[in-house]
Amino acid sequence: MTVKAFIFDLDGVLTDTAEFHFIAWQATAHHLGLEFTREDNEALKGVDRVGSLQLILDKGKLTVSEEQFEQLLADKNKHYLELINDINPGNLFPGVLDCFAVLKAKGIKIGLASASKNAAFVVDKLGIADLFDFIGDAASVANSKPAPDIFLSVAQGLGLAPEDCLGVEDAVAGVSAIKAAAMYAVGIGEKSVLTQADIVFPTTGEMDVQQLLS
């Protein structure tokens with residue numbers, strides 16, 4: 001395998017907006033009269049907005065109209081955007097800029113494959129938007145993670161075959177998506193959790209780029 005591109009997830013890999021998602025989803029659940037714990041939030045990791053709301057409704061055995069469903073999504077997103085409005089380059093995880101610098105120096109392309117429809121807004125606030133060769137749009141793919149659609153879309157956007165790309169994820173659903181796309185999977189987190197990953201590093205800052213390229 002010759003690695004020609006690194007395709008990164010956003011949340012939990014480059015920065016952490018999980019707390020903001022938790023607060024916004026908890027408010028949505030409370031509006032529906034449901035409890036929503038941090039354990040419940042873990043189940044939404046790597047899942048897109050529509051899927052996350054459906055999981056919350058299923059947990060509470062609730063059914064809402066299509067109009068109510070769309071309004072709940074809009075309200076949650078508005079709340080989340082208000083919470084992340086002050087995010088800045090200081091919210092990048094340690095080691096991200098160093099990693100990107102090494103990849104750029106070696107001519108390795110950099111892609112973004114996030115389940116979030118706000119990904120472009122977040123990377124712009126983080127000050128790294130211009131470092132990506134292609135940013136995937138979660139709204140433009142038919143199926144969310146663990147389906148491979150977003151990773152395949154980014155590979156196509158980079159002009160590369162999936163097998164020439166390496167994916168970096170912190171969520172089980174994300175790692176499954178990378179493997180389904182026939183890419184090498186790098187996990188960020190716990191080996192005992194990310195069992196499908198080809199290799200796992202505790203944090204993005206501890207990811208050994210030289211080792212991965214060799």
| Hey, what's the chain come to in accessible area per residue, 1.4 Å probe, Å²? | 48
| Sulfur and carbon atoms: percent of accessible area, segment 1-146 [1.4 Å] | 51
| remark: Dividing the mean separation of Cα pairs under 8 Å (6+ apart) by the residue count of the chain yields a relative contact order in percent of 26
| Listed residue pairs exceeding 22 Å between alpha carbons, taken from Lys4/Lys104; Lys76/Lys125; Lys78/Lys179 | Lys78/Lys179
| request: Can you send over the carbon and sulfur percentage of the accessible area for segment 168-210, probe radius 1.4 Å, protein chains only? | output: 51
| Dipole of segment 124-214 (Lys/Arg Cβ +1, Asp/Glu Cβ -1, origin at the Cα centre): which of Leu131, Leu213, Cys165 lies farthest to the positive side? | Cys165
| Assigning unit charges at the beta carbon (Lys, Arg +1; Asp, Glu -1) and nothing else, what dipole magnitude in debye, to the nearest 20, does the chain show about its Cα centre? | 300
| remark: Around Asp9 (Cβ within 13 Å, Cβ-to-Cβ, excluding Asp9; K/R +1, D/E -1) the net charge comes to -3
| Heavy atoms of Lys59 accessible to a 1.4 Å probe, total area in Å² rounded to 10 | 120
| HN-Hα J couplings of segment 198-204 from phi, Karplus 6.51/-1.76/1.60, θ = phi - 60°, integer Hz, Gly and Pro as x? | 6, 8, 10, 10, x, 9, 5
| remark: Classified through the alpha carbon gyration tensor (a ≥ b ≥ c as square roots of its eigenvalues; rounded if a/c is under 1.5, else prolate when a/b is larger than b/c, else oblate), segment 109-157 comes out oblate
| request: Step through the residues of segment 181-187 one at a time and calculate ³J(HN,Hα) from phi using the Karplus curve (6.51 cos²θ - 1.76 cosθ + 1.60, θ = phi - 60°), rounding each to whole Hz and writing x for Gly and Pro. | output: 8, 6, 10, 6, 10, 9, x
| Interatomic Cα distance distribution for the chain, bins of 5 angstrom, percent | 1, 7, 16, 19, 20, 16, 10, 6, 3, 1, 0
| request: Using a 1.4 angstrom probe on the protein heavy atoms only, line up Thr63, Thr2, Thr204 by accessible area, largest first. | output: Thr63, Thr2, Thr204
| What dipole magnitude, in Debye to the nearest 20, does segment 18-102 give about its Cα centre under +1 on Lys/Arg Cβ and -1 on Asp/Glu Cβ? | 80
| query | Which of the listed residues, Ala197, Ser114, Thr2, is farthest toward the dipole's positive end in the chain, when Lys, Arg count +1 and Asp, Glu count -1 at the beta-carbon? | reply | Thr2
| Charged-residue dipole, Cβ positions (Lys, Arg, Asp, Glu), segment 115-214 about Cα centre, Debye nearest 20 | 280
| task | Kindly express, to the nearest 10 degrees and within the range 0 to 90, the angle between helix 49-59's C-alpha long axis and the longest C-alpha principal axis of the chain. | result | 50
| task | Give me the accessible area of Ser114, 1.4 Å probe, in Å² rounded to the nearest 10. | result | 10
| note | Note to self, the chain gives a 222 nm [θ] from helices alone (DSSP H runs n ≥ 4, -39500 (n - 2.57) apiece, / all residues, nearest 500) of -12500 deg cm²/dmol
| Cα lying deepest toward the dipole's positive end in the chain, options Ser176, Phe36, Gly46, charges on Cβ | Ser176
| What FRET efficiency would be calculated for the residue pair Ile23, Glu66, taking the C-beta separation as r and a Förster radius of 30 Å, to the nearest 0.05? | 0.70
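The values are calculated or read from the model by the stated rules, or taken from the named source; none is laboratory data. As the structure is a computational prediction, the values presented were derived from the model and not from experiment. A quick note on method: Cβ atoms are made from the backbone with ideal geometry, for glycine too, and the neighbour counts reach across all protein chains shown. All accessible areas refer to the heavy atoms of the entire protein, side chains included, with ligands and DNA or RNA removed. Shrake-Rupley method; radii C 1.70, N 1.55, O 1.52, S 1.80 Å.
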